[in-house]
Each structure stands twice: as C-alpha cells, then as structure tokens.
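J.: Quick one: structure below, then a few questions.
The values are calculated or read from the model by the stated rules, or taken from the named source; none is laboratory data. Owing to the predicted nature of the structure, the values given are computational and were not obtained by experimental measurement. With ideal geometry, Cβ positions are generated from the backbone for all residues, glycine too; neighbour counts draw on all protein chains shown. The area values use the complete protein model at the heavy-atom level, side chains included, leaving out ligands, DNA and RNA. Shrake-Rupley method; radii C 1.70, N 1.55, O 1.52, S 1.80 Å.
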Amino acid sequence: MTIQGHMNQELPRYLFQAKRWKEMGIHRGTWRFVLKMQKEIFMQALANIGVLSIPAALAISNTRDSGLKFMEISGIFLWGLAYAFEHASDMQKLKFQVQCKKRGIKGACCKEGFWSFSRHPNYFGEW
C-alpha cells in the first residue's frame, strides 16, 4: 500500500469525521483535532484487533501437542485467502471510483471483478 501511494491519501471515514468535527468547532492542525483523530484510530484498531486476534490466540493456546494441526493450518490458510479477497475487492472498488471521478460519473454501481458477483464482496472476505 505504501509503494502504490495509498498511504498518502486520507481514508473516507477520516475525511467524514474531520467534516463532523469541523461543524463542532474542532479544526485541523489543533491539538484537539489530533487527539480526536488518535482516539478514533485507536478505537477502530482495538475493535479490529480484538476480533481478528481470536484465531491466533486459539492456535497459540494449544499446548497439548507440538506443531500445528490440520484444522489450525486450514484456518490460517482460509484467513489469508479471505484477507487477499477483501484487499483485491477494495482495490477493484478504488480503481472503479477513480475512473468514475475522472469521467465525471456520479452514483454508478461497480460491476467489475468480484463486484460482478456480489454487492459487497469486500465484506465477504471479513467473515
């Protein structure tokens, strides 16, 4: 993501929060804005880490036998596959949004790649 320059742009959810905070009198560049943004990022990270770390915690807590079992290896493989699927879906959607913005198209529905099979394939990778 860093190599492709995705880290140089603000995520839409943070842009939305900045807009909401501006209406509340909290402006970019102030300490109050920085603290609000850090709190927002920390809360989202904590929520994601809490759920996503459960499979790893279960695999690590297996002290009965040495080595990973078939089910644990399958779970790790399935997690990797789902993560790749979710990322690919997000990148397809971003590419579609950029193309629509360049062409001046608003309100279009993405029907390319994984998006031709499902309305929200990026969420499918999160199960």
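J.: Please work out which one of (1) closer than 26 Å to PHE114 by Cβ; (2) hydroxyl-bearing (Ser, Thr, Tyr); (3) open to solvent by 70 Å² or more (accessible area, probe 1.4 Å) is the condition SER61 fails and give its number.
T.: Result: SER61 fails condition (1) only.
For (1) β-branched (Val, Ile, Thr); (2) part of a helix (DSSP H, G or I), each residue gets a yes or a no:
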| residue | (1), (2) |
| --- | --- |
| GLY25 | no, no |
| PHE33 | no, yes |
| ILE41 | yes, yes |
| PRO55 | no, yes |
| ARG64 | no, no |
| PHE85 | no, yes |
| LYS93 | no, yes |
| GLY107 | no, no |
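J.: Next up: Regarding TRP21, is this residue surrounded by 13 or more Cβ atoms within 10 Å (Cβ to Cβ), at pLDDT below 85 and in a helix (DSSP H, G or I)?
T.: Values: surrounded by 13 or more Cβ atoms within 10 Å (Cβ to Cβ): yes; at pLDDT below 85: no; in a helix (DSSP H, G or I): yes.
Considered against the rule, which asks whether it is surrounded by 13 or more Cβ atoms within 10 Å (Cβ to Cβ), at pLDDT below 85 and in a helix (DSSP H, G or I), TRP21 comes out as no.
J.: Applying the selection to the stretch 24-53, what residues are open to solvent by less than 90 Å² (accessible area, probe 1.4 Å) and either in contact (Cβ under 8 Å) with a residue 60 or more places away in the chain or hydrophobic (A, V, I, L, M, F, W, C) (or both)?
T.: Scanning the stretch 24-53 gives ILE26, PHE33, VAL34, MET37, ILE41, ALA45, ALA47.
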